[in-house]
Amino acid sequence: NAPINLFGKGEEGKGADSKWLLGGKGANLAEMSSIGLSVPPGFTLTTECCKAFCDPNKWNGEIHPDVWDATLESLKTIETKMGCEFGSDSNPLLLSVRSGAAISMPGMMDTVLNLGMNDVVVEALATKSNNPRFAWDSYRRFLEMFGNVVLELPRADFEEEIDNIKFEKGYFEDSELTVEDLKEVVAAFKKVYEKNSLSFPLDVYEQLRLSIGAVFKGWNGDRAIKYREVENIRDLLGTAVNVQAMVFGNMGQTSGTGVCFTRDPNSGDNELFGEFLIDAQGEDVVAGIRTPLPIADLSTAMPEVYKEFNENTKILEEHYGDMQDIEFTIQEGKLFMLQTRNGKRGGGAAVKIAVDLVKEGLVTKEQSISMVLPEHLDQLLHPSFSDTESASYKASVIAEGLPASPGAAVGEICFTNEKVVENAEKGIPSILVRDETSPDDIAGMYSAEGILTARGGMTSHAAVVARGWGRPCICGCSALKIDEEAKTLTIGDVTLKEGDVISLNGNTGEVMNSKIAVSPPTIKGDLQEFMNWVDDIREIDVLANADTPEDAREARKNGAVGIGLVRTEHMFFEPERIGQVRKLILSNTKEQEAEALASLLPFQRSDFEGIFEAMDGFPVTIRLLDPPLHEFLPSLEDKEILEKLASELSLSMEDLTTQIKDAAEVNPMLGLRGCRLGITRPEIIEMQARGVIEAALNAIEKGIDAKPDIMVPLVGKVEEFRNQAKLIRATADKVFAETGKTCDYRVGTMIEIPRAALTAHLIAEEADFFSFGSNDLTQMTFGYSRDDVGTFIPEYKSQGILLDDPFVTIDQEGVGSLVKRATEEGRKVKPDLKIGVCGEHGGDPRSVKFFYETGLSYVSCSPFRVPIARLAAAHAAT
Ligand code: ADP
Ligand code: MG
Ligand code: MG
């Protein structure tokens, strides 16, 4: 590919499909110019250049001479278009050097503005523009940015110099600085270089070469690497570099700069949402040095510009079919578009925008589906504060800031990233409280429940990042005084310290000094409508894993069309039942066993009945007892329980203790459990099968369409399945004979042992359905104990041995190939064999895509993940 792409008026626009090479910013600058918007001319050095630059075996940190020649060639084109000359002593051209990867990484990479400045150029610019203030203002900005971004001088060193000068003169605002003052600032900034034994390159071409190199180098900087890690961004070539003619927002009262979303990224409302500053350059808006004005004020400040801007937002939305996040600059009354991209948005806004864009005819339903990400739904399905009208809520509000990112967050105050991360490792929720966040804070922002800042606006770093990640965030809470040394925050007369619990309401901007109760989410309105489209488009069913009638009702509310897994053992853990289970396990006579089973039967039956009722008309897949029995036994410390049990079983304490000890296994997960248990203790299976069938008959009697599927766990050999299926069918026949009624039911199996997957063709001969138990299948295929992976998976991931945790995202290569093979072999025997998956992977979007492509009939996941799995299933089908 050519290393350079030109953009600006008169250049062929390269579309979004070239993002890979040009980065998002470069591709969109080209595209905006091609649809006729005014974009300052420039060119893009491709991401391939970045890759070669960073590769020690290729350019090894230097710009290749041929590419440098091409850069100079392209620069000539800009000079011609702009009618001025880079480094000229009479008519100079200044440039911006901007990074931009294929996936937007806000604030992660640095920009150099006003490049091409030196002692001669500044005079030329002052004369040419007849605006010396502007020229010297641009010079001091360049000295700071170049020093900071390219030579890595601390920004604070420059800030200190300018603050000193302002203090001496008694100024509050940068705008009070006169030309003479700015010359002083420039001199002071040059001293910062000297103090650090660095020289400021007066040669403008040297400035350009170094800046391009710095952007490329930034790709492998700590911040960029951390961001990619957190966002799971892989396989990118690098960042592109955009070199562009400067336009100046700092030329006085008819100039300015701003950022704007075409719709409200919090509510999704179709109105412009943004901020601008008069007489300023881009960085000023984001940096929070001056308080920007709301975009609506532009309509009175510069009506003509506002009108054109407003039209541009419509053109862009129509062109891209999505809400845009735009950066612009106004130079002496003329509008320039500097960036556009699909805007990051909160969950509620994502759904509203998707639904509105369909209704406005800008996108199809299929397209709208792809605009809502699993993370968006995840946010919406999170709890919110239950009663914001209550007196106790109102009484605990201690401050209000800008509602920068919606949601409810409750956690301990933390003033540092390190503390947040430390808390997260212990499972303690935190609120990150800062004056302002910077890209260095992303690790803490990611791990925090919510973010609170004293400064910064709705488009500040904290706000943008928080919205992208769905973290509730309150910005610009100016009443907040933070003492980082003492680790306290003060609001009015309330002082709180690190570790105190606060609550943030990201929808309103309210900060509460207590733990506020939260309530579960509901699906209604736009979300309801959107989810209906999702169901129309998806081709794979979504069921839920639910163990109680209550969970089953929740699952159905979330759109589950059946239960893929009822873990019957979960019904045994309740206090009144566990005693009977213990009796059953430790029984030494047939009578004791029968007694215990008889007392457990009604519990099982009534639970199953409740689940059938909740799932009226949908299949309910019930797994027979799975875990090793000793999981139910009391600890030997529990004297009181042991004594009671001993007397019930007519045993001495000594004998009971021995029996409990004997039940322990060296490796219980590979021991007496699942169908092995069912085969050695058939009475348990008979009781369970009876419970299912009797419950189904009872439910049917009540007019409920009960569809029981009985599932045998941990089968490795078809003979095991045959044994259990025979027992289940015999029990059902017995119940039918006793009651004189019948019902339909199916008997199938989990495929969770590799041997079962490898002999699926044999098992399919006998089983009515398969359900991949992907947790155990992963555990046994890898040979990783899923309860102990914490000891090595993080290391494996950081060394690249594993890309993902296989217990979160299905390992397509290994475990996935077993799933594929078993599905194919099973369907060869029974073409419409029902095959699903139950396990954590059923709610993981990337895994859902794989299961869909493999031809599974359904995925099953926990009730609260059901909407996300439905969306993932729709994404997979489009
Ligand atoms: P980021 O990716 O961090 O947003 P950008 O490359 O978009 O960085 O640059 C940040 C800001 O710098 C822009 O929003 C804009 O205000 C200003 N800027 C960039 N290029 C130019 C230019 N050619 N003329 C004027 N301002 C510019
Ligand atoms: Mg930008
Ligand atoms: Mg299992």
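Only the coordinates and a few stated rules stand behind these numbers; no lab work does. Small disclaimer: the values here were computed from a predicted structure and weren't measured. Counting neighbours? That spans all protein chains shown, and the Cβs are built from the backbone with ideal geometry, glycine included.
Applying 1/(1 + (r/R0)^6) with r as the Cβ-Cβ distance of Glu631 and Thr127 and R0 = 56 angstrom yields a FRET efficiency of 0.10. Against the main long axis of the alpha-carbon atoms of the chain, helix 119-129 sits at an angle near 80°.
When peptides 64-75, 20-31 are ranked by their average number of other Cβ atoms within 10 Å per residue, the highest-first order is 20-31, 64-75.
Multiplying the residue separation of Asp435 and Ala391 by 0.36 nm and removing their Cα-Cα distance gives an extension gain of 12.9 nm. Take 378-385, 521-528, 604-611 and order them by the average number of nearby Cβ atoms within 10 Å per residue, most first; the result is 604-611, 378-385, 521-528.
Within the P(r) computed for the chain, what percentage of the Cα pairs occupies the region above 52 Å? Spell out each step's value before the answer.
Details: 111784 of 385003 pairs.
Tail of P(r) above 52 Å: 29 percent of Cα pairs.
Once both labels are positioned 7 Å from their Cα atoms along Cα-to-Cβ, the gap between Thr658 and Glu308 label points is 9.6 nm.
The length gained on full extension between Glu168 and Glu283, counted as 0.36 nm times the residue separation minus their Cα-Cα distance, comes to 38.9 nm.
For Ile398, the residues whose amide H sits under 5 Å from its own are Val511, Met512, Asn513, ignoring neighbours fewer than 5 places away on the same chain, with H placed 1.01 Å from N.
If Lys and Arg each add +1 and Asp and Glu each add -1, what is the summed charge of the other residues whose beta carbon sits under 13 Å from the beta carbon of His64? My count for the surroundings of His64 gives -2. With the highest mean first, a sort of the peptides 658-669, 177-188, 80-91 on other beta-carbon atoms found within 10 angstrom per residue produces 177-188, 80-91, 658-669. Extension gain for Leu670 to Leu72 (0.36 nm times residue separation, less C-alpha to C-alpha distance): 208.5 nm. The calculated FRET efficiency for Thr291 paired with Glu318, based on their beta-carbon distance and R0 = 35 Å, is about 0.60. If you wrap the tightest convex hull around every Cα atom of the range 382-519 and split its volume per residue, you get 90 Å³. Once the C-beta distance of Arg209 and Asn342 is scaled by a Förster radius of 41 Å, the resulting FRET efficiency is 0.80 to the nearest 0.05. Taking θ as phi - 60° and the Karplus parameters 6.51, -1.76 and 1.60, the scalar couplings of the range 654-668 work out to 4, 4, 4, 4, 4, 5, 5, 4, 5, 6, 5, 10, 5, 9, x Hz in sequence order, x denoting glycine and proline.
Going by how many other Cβ atoms sit within 10 Å of their own, how do Met571, Met458, Met323 line up, fewest first? By the 10 Å Cβ count, ascending: Met571, Met458, Met323.
For the range 169-245, what log10 I(q)/I(0) values come out of the Debye formula at q = 0.14 1/Å, with one point per alpha carbon and no solvent? Computed log10 I(q)/I(0) values: -0.78. Listing Tyr446, Tyr784, Tyr205 from fewest to most neighbouring C-beta atoms within 10 Å gives Tyr205, Tyr784, Tyr446. Our analysis of the range 75-117 gives Rg over Rh at 1.12, with the two radii drawn from alpha carbon positions and Rh computed by the Kirkwood formula.
Taking amide hydrogens as placed 1.01 Å from N in the peptide plane, the amide H of Asn507 sits under 5 Å from those of Gly407, each at least 5 positions away in sequence or on another chain. Put the Cα centre of the range 201-229 next to the Cα centre of the range 530-599 and the gap is 57 Å.
Of the beta bridges in the chain, as assigned by DSSP with both residues counted there, near 60 percent are antiparallel.
For the range 572-584, backbone phi angles converted through the Karplus equation (6.51, -1.76, 1.60; θ = phi - 60°) give residue-by-residue couplings of 8, 7, 5, x, 6, 9, 4, x, 5, 5, 5, 4, 4 Hz, Gly and Pro being listed as x. The distance separating the Cα centre of the range 794-840 from that of the range 137-189 comes to 58 Å. In order along the range 768-780, the phi-based Karplus estimate (6.51 cos²θ - 1.76 cosθ + 1.60, θ = phi - 60°) of 3J(HN,Hα) comes to 7, 7, 10, 9, 6, x, 6, 5, 5, 4, 5, 4, 7 Hz; Gly and Pro are listed as x. Fewest-first ordering of Arg567, Arg345, Arg786 by other beta carbons within 10 Å of each residue's beta carbon gives Arg786, Arg567, Arg345. On a 0 to 90° scale, report how tilted helix 303-320 is relative to the longest principal axis of the chain, with both axes built from alpha carbons and the result rounded to the nearest 10. Its long axis makes an angle of about 40 degrees. Simple spin-label estimate for Glu229 and Ile578 gives 4.0 nm between the two label positions (7 Å along the Cα-to-Cβ direction from each Cα). Counting only residues at least eight positions apart within a chain, or on another chain, the aspartates and glutamates with an alpha carbon under 20 Å from that of Lys515 are Asp387, Glu389, Glu400, Glu412, Glu449, Asp493, Glu498, Asp500. Working from label points 7 Å from Cα in the Cα-to-Cβ sense, the Ala479 to Glu813 distance is 5.5 nm. A convex hull fitted to the Cα coordinates of the range 288-400 yields 178 cubic angstrom per residue. Any of Lys426/Lys487; Lys394/Lys426; Lys166/Lys190; Lys9/Lys76; Lys707/Lys830 with alpha carbons more than 22 Å apart? Name them for me. Violating the 22 Å Cα-Cα cut-off are Lys394/Lys426. Seen from every direction in turn and averaged, the convex hull around the alpha carbons of the range 247-344 projects onto 5.7 nm².
Could you pull out which residues in the range 601-620 have an amide N less than 20 Å from a spot 7 Å beyond the Cα of Asp638, following the Cα-Cβ vector? Residues passing the 20 Å test: 601, 603-604.
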